[in-house]
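The values are calculated or read from the model by the stated rules, or taken from the named source; none is laboratory data. These figures come from a predicted structure and were not determined experimentally. Cβ: placed from backbone, ideal geometry, glycine included. Neighbour counts: every protein chain shown. Ligands, DNA and RNA are stripped out before the accessible areas are found, and what is left, the full protein with its side chains, is counted by its heavy atoms. Shrake-Rupley method; radii C 1.70, N 1.55, O 1.52, S 1.80 Å.
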Amino acid sequence: MTSVAIVTGASSGIGAATARRLAAEGFHVLAAARRTDRLAGLVAEIEAAGGAASAVECDVTSDESVAGLAATAAAGPGPVTLLVNNAGGARGLDPVESADVGDWQWMYDVNVLGTLRVTKALLPALESSGAGTVVIVGSTAGHVVYEGGGGYTAAKHAQTAIAGTLRLELCGRPVRVIEIDPGMVKTEEFGLVRFGGDADRAAAVYAGVAEPLVAEDVADCVAWCATRPHHVNIDQLVVRPLAQAAQHKVHRVS
């Protein structure tokens, strides 16, 4: 039977690229996101390339919506062996003293509680497959803090804590836990969401960087980790573009 992979936040960026790549690896992909119009286009693209995918409307901030995703997975074409917790994002770049509590709430609900909701809902299926894998797409922001990034780095640190804790709790059971932490990734929406649609501020993040990571680079990491023999667990994979030596050290050409 075909193995099923679930990818959250699949309507754009890393999620869409991961859905395409996993379908090419032979998974039937359940592409989950809120924007079903985009998912329909993604599924059509995957099928035209010879892959298999289904669109599932899912809001990871809703218990009911996540329960619906789990029900759809249970009725799928095969065992659920892979969950990619990719849904997330950043809002704002304000210092703590003037932080927007609503922005922090959103970042926690999507990045942290979204990962919790989806993982809880799919763990029974992953375990029953006998060879389950949970991938959490975090960030290097989960390792190092920076000015203006208090809310986002706190959320990503929390995702790292979830991954580490879950790995301990599942020890001895047939589910591995993988954390992938990208640095600078240029996607079409991450910066726009962070800066409220301000395209100039979003573009400035990548100014002078000839080759930041792109969504397909992260999708390649997900696919490589997920297709290792099941006894091989890539606990944590940090990936940055060559130009980014550290969170605060980026080579830019003027």
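Of all residues being touching a helix residue (DSSP H, G or I) at 6+ places or on another chain (Cβ under 8 Å) and at pLDDT below 90 in segment 163-198, which is least open to solvent (accessible area, probe 1.4 Å)? Just the residue, please.
Filtering first and then ranking leaves GLY191.
Confirm whether SER11 is open to solvent by 30 Å² or more (accessible area, probe 1.4 Å) and of a type in the set (S, T, N, Q). So that I can check it myself, show each step before the final result.
Working: open to solvent by 30 Å² or more (accessible area, probe 1.4 Å): no; of a type in the set (S, T, N, Q): yes.
No; evaluated as a whole, the condition is false for this residue.
Quick check on segment 26-44. Is at least one of its residues touching a Gly at 6+ places or on another chain (Cβ under 7 Å), touching a residue at least 24 places away in the same chain (Cβ under 8 Å) and farther than 29 Å from VAL193 by Cα?
yes
Just for segment 213-248: of the residues that are modelled with pLDDT under 95 and of a type outside the set (Gly, Ala, Ser), which one is farthest from THR160 (Cα to Cα)?
That would be HIS248.
Could you grab me the full set of residues in segment 199-226 that are open to solvent by 50 Å² or more (accessible area, probe 1.4 Å) and part of a strand (DSSP E or B)?
Within segment 199-226, just VAL214 meets the criteria.
Given the conditions (1) more than 28 Å from ALA161 (Cα to Cα); (2) free of Cβ contacts under 8 Å to residues at least 24 places away in the same chain, and given that TRP106 satisfies all but one, which numbered condition is not satisfied?
It fails just one condition, (1).
Only one of (1) buried (at least 24 other Cβ atoms within 10 Å of the Cβ); (2) modelled with pLDDT under 95 fails for ALA33. Which number is that?
Here ALA33 meets the rest and fails (2).
Inside segment 227-254, can you point out the residues that are of a type outside the set (Val, Ile, Thr), surrounded by 11 or more Cβ atoms within 10 Å (Cβ to Cβ) and in a strand (DSSP E or B)?
GLN236, LEU237, GLN244, ALA245, ALA246
Yes or no, residue by residue, for (1) open to solvent by 10 Å² or more (accessible area, probe 1.4 Å); (2) under 26 Å from ALA71 (Cα atoms); (3) in a strand (DSSP E or B):
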{"position": "ALA121", "(1), (2), (3)": "yes, yes, no"}
{"position": "ALA125", "(1), (2), (3)": "yes, yes, no"}
{"position": "GLY130", "(1), (2), (3)": "yes, yes, no"}
{"position": "GLU147", "(1), (2), (3)": "yes, no, no"}
{"position": "GLY151", "(1), (2), (3)": "no, no, no"}
{"position": "ALA158", "(1), (2), (3)": "yes, no, no"}
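Could you figure out which of (1) crowded, with 23+ Cβ neighbours inside 10 Å; (2) outside any helix (DSSP H, G or I); (3) among the aliphatic types (A, V, I, L, M) isn't true of ALA16?
Failed condition: (2).
Please go through segment 233-249 and give me each residue that is of a type in the set (A, V, I, L, M, F, W, C) and touching a residue at least 24 places away in the same chain (Cβ under 8 Å), ordered by number.
Selection gives ILE234, LEU237, VAL238, VAL239, LEU242, ALA243, ALA246.
Go through (1) of a type outside the set (Ser, Thr, Tyr); (2) in contact (Cβ under 8 Å) with a residue 40 or more places away in the chain; (3) assigned to a loop (DSSP other than H, G, I, E, B) for GLY172 and report which single condition fails.
Just one mismatch for GLY172, condition (2).
Could you say which residue among GLU57, GLU97 is surrounded by fewer than 17 Cβ atoms within 10 Å (Cβ to Cβ), out of contact with any helix residue (DSSP H, G or I) (no Cβ under 6 Å at 6 or more places or on another chain) and of a type outside the set (Lys, Arg)? Walk me through it before giving the result.
Working: GLU57 fails: out of contact with any helix residue (DSSP H, G or I) (no Cβ under 6 Å at 6 or more places or on another chain).
Going through GLU57, GLU97 in turn, just one is surrounded by fewer than 17 Cβ atoms within 10 Å (Cβ to Cβ), out of contact with any helix residue (DSSP H, G or I) (no Cβ under 6 Å at 6 or more places or on another chain) and of a type outside the set (Lys, Arg): GLU97.
If the requirement is being part of a loop (DSSP other than H, G, I, E, B), among the small types (Gly, Ala, Ser) and within 10 Å of HIS28 (Cβ to Cβ), which of these qualifies: GLY50, GLY76?
Just one listed residue meets the conditions, GLY76.
What's the number of the only condition in (1) in contact with a strand residue (DSSP E or B) (Cβ under 9 Å, 6 or more places away or on another chain); (2) surrounded by 14 or more Cβ atoms within 10 Å (Cβ to Cβ); (3) modelled with pLDDT of 95 or more; (4) not acidic (Asp, Glu) that ALA24 fails to meet?
For ALA24, the failing item is (1).
Across segment 79-94, what is the number of residues that are of a type outside the set (Gly, Ala, Ser) and either part of a loop (DSSP other than H, G, I, E, B) or closer than 15 Å to PRO182 by Cβ (or both)?
At the first step, the residues of segment 79-94 found to be of a type outside the set (Gly, Ala, Ser) are 79-86, 91, 93-94.
When the remaining residues are screened for being either part of a loop (DSSP other than H, G, I, E, B) or closer than 15 Å to PRO182 by Cβ (or both), the result is 79, 84-86, 91, 93-94.
Final tally of qualifying residues: 7.
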